[in-house]
1. In this structure, does A:Ala225 turn out to be buried (at least 21 other Cβ atoms within 10 Å of the Cβ), more than 14 Å from every other protein chain (Cβ to nearest Cβ), of a type in the set (A, V, I, L, M, F, W, C) and out of contact with any Leu (no Cβ under 9 Å at 6 or more places or on another chain)?
2. Looking at A:Leu333, A:Leu284, A:Leu297, A:Leu383, which is the one that is surrounded by 24 or more Cβ atoms within 10 Å (Cβ to Cβ) and in contact with a Pro (Cβ under 7 Å, 6 or more places away or on another chain)?
3. Looking at the stretch A:122-135 only, could you name the residues that are within 7 Å of another protein chain (Cβ to nearest Cβ) and not basic (Lys, Arg)?
4. Run down A:Val192, A:Val229, A:Val203, A:Val221 and say which single residue is modelled with pLDDT of 95 or more and within 17 Å of the chain's Cα centre (by Cα).
5. So, in the stretch B:349-376, of the ones that are of a type in the set (D, E, K, R), in contact with a strand residue (DSSP E or B) (Cβ under 8 Å, 6 or more places away or on another chain) and farther than 14 Å from B:Arg390 by Cβ, which residue ends up nearest to the other protein chains (Cβ to nearest Cβ)?
6. Quick check on the stretch A:179-202: of everything there that is away from chain B (no Cβ under 14 Å) and within 30 Å of B:Gly382 (Cβ to Cβ), which residue is surrounded by the most Cβ atoms within 10 Å (Cβ to Cβ)?
7. In the stretch A:366-384, what residues are within 10 Å of the chain's Cα centre (by Cα) and of a type outside the set (A, V, I, L, M)?
8. Under 20 Å from A:Leu96 (Cα atoms), within 14 Å of another protein chain (Cβ to nearest Cβ) and in contact (Cβ under 8 Å) with a residue 60 or more places away in the chain: does that describe A:Ser247?
Amino acid sequence: MTGRTNRVAVVGAGQTAYGALPHPPRALLRQALFEALGSVDHGLSAEDVGEGYLATLGFGGWQIGNPASLLAEELGRPGLPVSHVENACASGSTGLRQAHHALRSGACDVALVAGVEKMTDQPSARRRFWLGVSGETEWERLAGLTFAGVYALLAERYLHERHLSPDVLGAVAVKNHAHGAMNPLAHLRKPVTLDQHRAAPRVADPLGLYDCCPVSDGAAVVVLAREEVARRYTDTPVWIEGSGGGSDYLALQDRTSLTTLPASRKAAEEAFRHAPFSREKVQLAELHDCFTIAELLALEDTGLVSPGEAPKATLEGRTRIGGSLPVNPSGGLKSKGHPLGATGVGQVVEVFHQLRKEAGPRQVQGAERALAHNVGGSGATALVHLFGV
Amino acid sequence: MSALHASAVVLPAWERGGVAVEGPDEDAFTLLVRVGELLRRHQPALPRARVEVQSIRLIASMPGEERSQLLEAWGLPAVEITPYPETPEGASRALSDALDEGNGGSDGISWVLTVQLASPAGTGIVDPPPQSAIAVGLAFARGREATAVPSPGEANGPTSARTPSSWVTGSGAKGGQRPTPFVGPPGYRAPPDAPATILLSLVEAASRADAGALTHWVHTTAERTAVRTVLDGRKVPIVGYPVEEGRPWLAVPDEAWRARAGAPISSLSQGAYLSRESYRASLPGRWRLEGERCGACGGFTLPPSGHCHHCGAREKLRRDRLPRSGAVIESATVIRKGAQPTEFDWHQETYGNYTVGLVRFRDGPTLTFQVTDQSPAVPAVGATVELVLRRLYPQEGTWRYGLKAVLLGPAPAAAAATAPVARDG
């Protein structure tokens, strides 16, 4: 089986809490790195690492150029080949894909993927400078849109075409907050009700405050190893069983549809093409829910539910922990938080713990196959990774 | 002999009864642009334009760029634009020069445009637009060159039930046709002693006279009264327009500009940035919807880039312009406080929320525009819009301009039938 040879394993994973944290970016990176290295069952020497990837937008401008060298510094390995990867909110999973490629090519045996973002230390005006930088500048931003507005346009069209009430968005928020309340590392560890969702202040119609992910600080790191060496580090590796990427027009206005993100579809198709299991066998998914509408789009675009089924699946509770397809058991971006560069890596941290049955009260029972889906901006880039044990 | 060929009067939305405005976004520049657009529909030949440019100098452009900005907005090549100061004398002199030229001059085609703002601009670039404004444009042609003139209703602005935004009259000389009676803008309440008002009175005069038998000369007397001398030699005072010598209409000295240019502009983006050069380069697309139509796949690429963004073709691309009206709302949202990019902080702080929509053109492409001349509200999917040039945001000492959508009518029946029905469920 093509897909099962030359595999890559996740042998360690760690992250900081997400939230408004007092630590500067380097301290966040260091903490996540130590967590990840400490999670490697049989230990890992810094000397074993052959390549490093740092995913960050550099939010606020703390280190826009050359930040990846800091990963080598914090590892205590100056000299390590490193790269900065940036695909907006999909930077983390892009780093994962780069490392996956490098390991499969045989260029090295062990690679680190780190993601970090420090967002809450910016004054509100500067924060808004940065929140829109990954959208299309000339037309979208300068017509007055940031991502809340862009996703609002997607949501308005989605609800219009399908004759839906905004309550279906509320159902996503209620579920993900319920999950996040069980995650000690989540940013917003509190349940919300549908009434609270309805009554929340509007941000960009039809989206209200509880439709939007928070602005978070945080870092996450995963340790990847080639199949040949993986068992040196752990007896319970989590295998990367598929990697897919896709892209699309940067601006919403150039897309042909507002109710699907083709980049996600392409990424999912590629990921499943060589995977040893099909969509029906996926037991849990971390989906990119920067806004509630995004989770509905992602459910259908990844093919985890049939086209048009996402609202029904959500309203019926199929996507809750305990349902047939738990989505975002971590709380998702919505509740766990969204430190941009860290997000895609943090999704893998959740999958790592879930598939190793280490997820505590939010453990998805019997989970052996998982999907992680990460979107850059409003779908200009997207990645899907599949995991199994 | 010069004949008044067409005239156009434009009022900003807030001057028109029954129009709620979510953020006044019209100014001297946008009004002049609109007047020129209307005149051009009647007189496609390239005009020689005489424009009062002082009032746009400090809002629309760096000093010295006023003329090129107007030509860009009108889509005209480098025709001659003669600037005049915005004083009653300036407007009168512009008019006289145009008539003289028509009577003895070269091609005899000329525009006279002016804009009148009832309150002077304040001290900052982000000052709100004036409380009262009007722009007037007259197009002259030699009698024999005047062409057929469409009926007045035809070229008017938005065909909504609201008060129209503009009045266009043609008074062509062909076949002894009587000029169209001029009906003044009902909401207009600017003071009378201003250059635009003088031009307005000429429009009125033209509507009462035979085509071509128009005012020959406008000047001020020692008594500071505006007088027009008609062709038979009679001097007719322009009643009610005392002229105050040297009264500066919105004359902002250049020192103010320099002081301002050196001042920090809080809305300077540090995250996403469209430089002045890139902005200027984008204007054919941004202001006139110019792009390339692909002969292979029919796709429209804006801005034009020499290859089709849809199929990649590099041949059979033809310059095309999207129509300014008839596009429909594909989706829309109201941007609330905190969801705006910093470029729009000023708007959000001054006027509050604003509306943004994706607008789909009949032949395919979709573009993103703010929706203006309405209270912030999500318009119905499928609603028809017209696109008008308006202020976008201030940056680096001047305003950036772009098209915005004005709702023309409700969604067509077919779209209305698909309106959300389960919103309460």
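The values are calculated or read from the model by the stated rules, or taken from the named source; none is laboratory data. Predicted model, so just to flag it, every value in this text is computed and none were measured. When we count neighbours, we look across all protein chains shown, and the Cβ atoms used for this are built from the backbone with ideal geometry, even at glycine.
1. no
2. Result: A:Leu284 is the single residue among A:Leu333, A:Leu284, A:Leu297, A:Leu383 that is surrounded by 24 or more Cβ atoms within 10 Å (Cβ to Cβ) and in contact with a Pro (Cβ under 7 Å, 6 or more places away or on another chain).
3. Scanning the stretch A:122-135 gives A:Ala125, A:Phe129, A:Trp130, A:Gly132, A:Val133.
4. Of the residues listed, the single one that is modelled with pLDDT of 95 or more and within 17 Å of the chain's Cα centre (by Cα) is A:Val221.
5. Filtering first and then ranking leaves B:Arg360.
6. In the first step, residues of the stretch A:179-202 are kept if they are away from chain B (no Cβ under 14 Å); the result is A:179-193, A:195-197, A:199.
Filter once more, keeping what is within 30 Å of B:Gly382 (Cβ to Cβ): A:197, A:199.
Numbers: A:His197: 22, A:Ala199: 11.
Once the filter is applied, the top-ranked residue is A:His197.
7. A:His373, A:Asn374, A:Gly376
8. Answer is yes for this residue.
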